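Here's the structure, in structure tokens; my notes come after.
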Number of protein chains: 2
Amino acid sequence: MTLSPTPRSTVARGKKRAVTSRAALYDVLDAGLVCHLAVVVDGAPVVLPTGYGRDGDTLYLHGSTGARTMREASSGMPVCVSVTLVDGVVYARSAFSHSMNYRSAVVHGVAERITDPARAEHGLRVLTDHLAPGSWDYSRRPTPKELAATAVLALDLTEASVKIRTGPPGDEPADVAENSRWAGVLPLHRSWGTPESDPTLVGPWEIPPHVTHRT
Amino acid sequence: MTLSPTPRSTVARGKKRAVTSRAALYDVLDAGLVCHLAVVVDGAPVVLPTGYGRDGDTLYLHGSTGARTMREASSGMPVCVSVTLVDGVVYARSAFSHSMNYRSAVVHGVAERITDPARAEHGLRVLTDHLAPGSWDYSRRPTPKELAATAVLALDLTEASVKIRTGPPGDEPADVAENSRWAGVLPLHRSWGTPESDPTLVGPWEIPPHVTHRT
């Protein structure tokens, strides 16, 4: 299944990096931890890091019901969401050809504020298990008061684009032929550290497997 | 020196995470690799990952002169830039108190397209050395044609905000007292892998120190 091209979700620059499979979109969204949500406030763009989670072709976002960006994002106005993973720095022979290896997804649409309690709770489950897989079942569920304090938004993944860059630098042939400078890729890795137990825990605690075995 | 508060650069939600020192802003911007640049195109927000670099109180951004977002960002219209570093996942006793440890900077302003060649080249030096420290001196400098193909923008850091979350979960006292679930932080680390030399290099090559010793 391919991504539906619209003028603004069709990659105009760097077409060779555009990827049009829906599976690639899912992969990028599922690999990220935080998205950048952009809205227009008083005619100016505002972009903020925001938690998210994906279920099928729905992206869930959440935030405080008091947050201005959440109010704007749920007002029926267009939003844009970007998820980016940097996989390495591309050292080229020329300054101009320096680049990054990355995976990037951009979604355009109108977000819907979810008011139905069951749907909102489902969205929070998706969000929680994206941030911390296994945590929804392990942790205390939200109270009605907590649910009321949380704005859950749903954004359809219909209008989206994906760009991926991998591999070595794309230097000019003359720079390659000269062979006078090193070029290559410095990979960037992301890894989980050792879990740090909350100091307010009482007694001996074994860290649960959904935390220790997180991949 | 503190950050200058304006209504939109004053943190409204999660005030306890707001940091108002300019040094903290510099730290976050200098630690990031990619920013998210938001502009308004045809009334809708567009946010894209973009390279950047900082020199004093100027943030440099660059992109293809043909890119729509670059044209919009350099048209005298407001832009917003966000740099986010995720430092860990906060596993709380309640789903509601789950969070991330992060450092976030958001800058509002009007970007200036730099047309003076010397200033543009300085901006590219800053951008290159942010992405790949040491690369500007090591690599081939841009040709006039390459310079002409690159839009360099400058954004003043006057109107900016910083939010930082560190430390253990902030669970409700009743959940802490119950002591029936583990809680803590799973740190997220970023590290450089082993440099991968470009397969088109000819002959034995020692990888230069600015790559091998990158911190």
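The values are calculated or read from the model by the stated rules, or taken from the named source; none is laboratory data. From a predicted model like this one, the values you see are computed outputs, not experimental measurements. Positions of Cβ are generated from backbone atoms using ideal geometry, with glycine treated the same way; all protein chains shown enter the neighbour counts. Side chains are part of the model used for accessible areas, which takes the heavy atoms of the whole protein and leaves out ligands, DNA and RNA. Shrake-Rupley method; radii C 1.70, N 1.55, O 1.52, S 1.80 Å.
Under a 5 Å amide H cut-off, with hydrogens placed 1.01 Å from N, B:E159 pairs with B:H108 among residues at least 5 apart or on other chains. The label point for A:S197 and the one for A:S64, both projected 7 Å from the Cα toward the Cβ, are 3.2 nm apart.
Distant-in-sequence amide contacts of A:C80, defined by a placed amide H-H separation under 5 Å and a gap of 5 or more residues or a different chain, comprise A:A38. The mean number of Cβ atoms from other chains found within 10 Å of a Cβ in peptide B:75-86 is 4, as a whole number.
Summary for A:E146: label point 7 Å along Cα→Cβ; distances to the equivalent points in the other copies, ascending, 5.3 nm. Rounded to the nearest whole Hz, the Karplus-based 3J(HN,Hα) values (6.51 cos²θ - 1.76 cosθ + 1.60, θ = phi - 60°) of region A:27-35 follow the sequence 4, 5, 5, 6, 7, x, 10, 10, 10, with x at glycine and proline. With θ taken as phi - 60° and the Karplus curve 6.51 cos²θ - 1.76 cosθ + 1.60 applied, the whole-hertz 3J(HN,Hα) list for region B:74-90 is 9, 9, x, 8, x, 10, 9, 10, 10, 10, 10, 10, 8, 9, x, 9, 9 Hz, x standing for glycine and proline. Phi angles of region B:174-185 translate, via the Karplus equation with coefficients 6.51, -1.76, 1.60 and θ = phi - 60°, into HN-Hα couplings of 5, 5, 5, 4, 5, 6, 10, 9, 5, 8, x, 10 Hz per residue; Gly and Pro are given as x.
Here the accessible area of region B:104-210 is 57 percent carbon and sulfur, with a 1.4 angstrom probe and all protein chains present. Distances between equivalent label points of B:V110 across the copies, with each point positioned 7 Å along Cα→Cβ, amount to 3.1 nm, shortest listed first. Taking chain B as the reference, fit the longest principal axis to its C-alpha atoms, fit the long axis of helix B:117-131 to the helix C-alpha atoms, and give the angle between the two in degrees, 0 to 90, nearest 10. Computed tilt is about 50 degrees. Remark: region A:77-215 carries 43 Å² of accessible area per residue (probe radius 1.4 Å; ligands, DNA and RNA excluded). Ranked from shortest, the separations from the 7 Å Cα-to-Cβ label point of A:N179 to its equivalents in the other copies are 7.0 nm. Packing around the peptides A:32-40, B:71-79, taken as the average count of other Cβ atoms within 10 Å per residue, puts them in this order, highest first: A:32-40, B:71-79. Annotation for the B:A interface, with buried accessible surface near 7300 Å², both sides summed [1.4 Å probe; non-protein components not counted]. Taking the Cβ of B:L29 as the center, what net charge do the other residues with Cβ under 15 Å away carry, scoring Lys and Arg +1 and Asp and Glu -1? Neighbour charge sum, excluding B:L29 itself: -3.
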